[in-house]
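Contents: one structure, followed by commentary.
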Amino acid sequence: MLELHSYQNRDGSELPLLESALFSPFSGIRHAYATRLGGVSEGEWSSMNLSFTRGDREEDVRENFHRIAEHFSVPESRFVLSHQTHKDRVRTVTEEDAGKGLTRERDYTDVDALITDVPRLLLTVFWADCVPLLFYDPRKRAIGAVHSGWRGTFSRIASRTVEAMRREYGTEPSDLFISIGPSICGSCYEVSEELSERFLRDFPGGERVVSFTGRNAGGERKYHLNLREANRQLLLEEGISEDRIELPGFCTCCNPKLFFSHRFSGERRGNQAAFLMLL
């Protein structure tokens, strides 16, 4: 279960961050899931918007990143940002990637997952209902950060990340600890009949992640999709122990005062980010 902790910005204002109870025994990493609180953005982006692409003022987004950097005691030049397009591509991050997406241009696109074994690089992925996942292998000292919407989930990006960590670092799935971050819950995530049928037909354990929930006013069948459980099923299929997979306990759509949510607010919103770093 994730826990909400309150820290202070340098001006004395509150910086609420969610942290993983599963990761708390480990001294070799630092991590956090940002909320929408604790920043300087205004209006629909209030206040900890971390996206440069949603129409917010760049100087406000940079100040928000600066506050996160101060919390982690790293310069902005140690961040490495994803370039999310709902694909299943995993990038192996090296020292050469330091600062990409924040202090210098990225030379990659279509990257929804990042892995590394380099200390003090702050892997950063974004979401506003989709599922963020943080991976830690304490034996090989390797980490991963993943953004998984329905497309990424259907394409098994969580499985691709396990495979990439095994290939690059020799990670055994049984050594992994994985935190599934705050995201839309199954009760809030109504989907089309077409999408529900795709998951039922072609996704492992589809019957456990799709539910028929009645009919709408027009008599059409209603379906809901549990993306968090879908990712958990992928991880179990990869051989990760059930007690090493953490579910969040927070729904982004149910808690619009704490999180940006695409389903709740539509396009007029900011984005949160998830962060993970080896020490």
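DSSP H helices in the chain with Cα extent of 18 Å or more along the helix axis and mean Kyte-Doolittle hydropathy at least -1.0?
Membrane-span-like by this rule: not one helix.
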- Go through G266, F79, L37 and say which Cα lies farthest out towards the positive end of the charge dipole of the chain; charges sit on Cβ, +1 for Lys and Arg, -1 for Asp and Glu. G266
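Relative contact order, percent, of the chain when contacts are C-alpha pairs under 8 Å separated by at least 6 residues?
Relative contact order comes out at 23 percent.
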- Item | Sequence of K87, K222 once ranked by neighbouring C-beta atoms within 10 Å, starting from the fewest | K222, K87
- Add +1 for every Lys or Arg and -1 for every Asp or Glu among the other residues with Cβ under 15 Å from the Cβ of T92, and state the total. -2
- Message: Under 5 Å between amide hydrogens, which residues at least 5 positions from Y189 or on another chain qualify, with H placed 1.01 Å from N in the peptide plane?
- Response: L225
- Unit charges on C-beta of K, R, D, E only; dipole of the chain, Debye: 180
- So what does log10 I(q)/I(0) come out to for the range 140-187 at q = 0.31, 0.33 Å⁻¹, using the Debye formula with one equal point on every Cα and no solvent? -1.26, -1.33
- With charges only on Cβ, +1 for K and R and -1 for D and E, what is the dipole size of the range 52-185 about its Cα centre, in debye, rounded to 20? 340
- Using only alpha carbons, build the gyration tensor for the chain and give me the equivalent ellipsoid semi-axes, biggest first, whole Å. 28, 24, 16
- What does the charge dipole of the range 153-204 about its Cα centre add up to, to the nearest 20 debye, if the Cβ of each Lys and Arg holds +1 and the Cβ of each Asp and Glu holds -1? 180
- Note on the structure: Per-residue Cβ contact counts at 10 Å, fewest first, order V146, V74 as V74, V146
- Working out 0.36 nm times the residue gap between N216 and R104, then minus their Cα-Cα distance, what length gain in nm do you get to one decimal? 35.5 nm
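When only Cα pairs under 8 Å and 6 or more residues apart are kept, what is the percent relative contact order across the range 106-226?
Normalised by residue count, the contact order of the range 106-226 is 22 percent.
Read the figures in this text as sums done on the coordinates, not as results from a lab. Please read all numbers here as calculations on a predicted model, not as lab measurements. Note that each Cβ is placed from the backbone with ideal geometry, even for glycine, and that neighbours are counted across all protein chains shown.
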